[in-house]
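One structure is given below, encoded as structure tokens.
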Amino acid sequence: MELGSREKAILALERRTFPGPGAKERAIREELDLSPVRYYQLLNALLDDERALAHDPVTVHRLRRIREARRAER
């Protein structure tokens, strides 16, 4: 089974860079029609999905490393 269009769009947004504060949150609202809180909930679940890893391994591995580093800081 393949990722849905929303999941693919979330990963695509994570590959992008944003020019300043608030730009990413604005893109989340405008492009995905999600609140930032819901977006990050979906992203976190997506990082544990093997389909996401198969679709975009570089992005998923990078985000998993960041997530683990933040968990280790706590």
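The values are calculated or read from the model by the stated rules, or taken from the named source; none is laboratory data. Since we're looking at a predicted model, the values are computed, not measured. Here the Cβ is made from the backbone with ideal geometry for all residues, glycine too, and neighbour counts use every protein chain on show. We work out accessible area using only protein heavy atoms, side chains counted, and drop any ligands, DNA or RNA first. Shrake-Rupley method; radii C 1.70, N 1.55, O 1.52, S 1.80 Å.
Find how much the distance from I66 to Y40 grows on full extension, using 0.36 nm per residue of separation minus their present alpha carbon separation; answer in nm with one decimal. Don't jump to the answer; show the numbers that get you there.
Values: separation 26, 0.36 × 26 = 9.36 nm, distance 1.34 nm.
Length gained between I66 and Y40: 8.0 nm.
Return, for the Cα atoms of the chain, the radius of gyration and Dmax in Å, separated by a comma.
That works out to 12.4, 36 Å for Rg and Dmax.
List the relative contact order of the chain as a percent without decimals, with contacts defined as Cα pairs under 8 Å and 6+ residues apart.
On the way: 33 pairs, mean separation 24.9, N = 74.
Relative contact order here is 34 percent.
Could you give the accessible area per residue of the chain, probe 1.4 Å, as a whole number in Å²?
Values: 5100 Å² over 74 residues.
Roughly 69 Å² per residue, with all protein chains present.
In whole percent, and with a 1.4 Å probe on the protein chains, what portion of the accessible area of the chain is carbon and sulfur?
So the carbon and sulfur contribution to the accessible surface is 51 percent.
Which of P21, P36, P57 moves most in a GNM of the chain, Cα contacts under 10 Å?
P21
Show me the GluC sites (Glu not before Pro) within the chain that DSSP assigns to loop and that have at most 11 other Cβ atoms within 10 Å of their Cβ.
Counting only loop positions with at most 11 other Cβ atoms within 10 Å, the GluC sites (Glu not before Pro) in the chain are E2.
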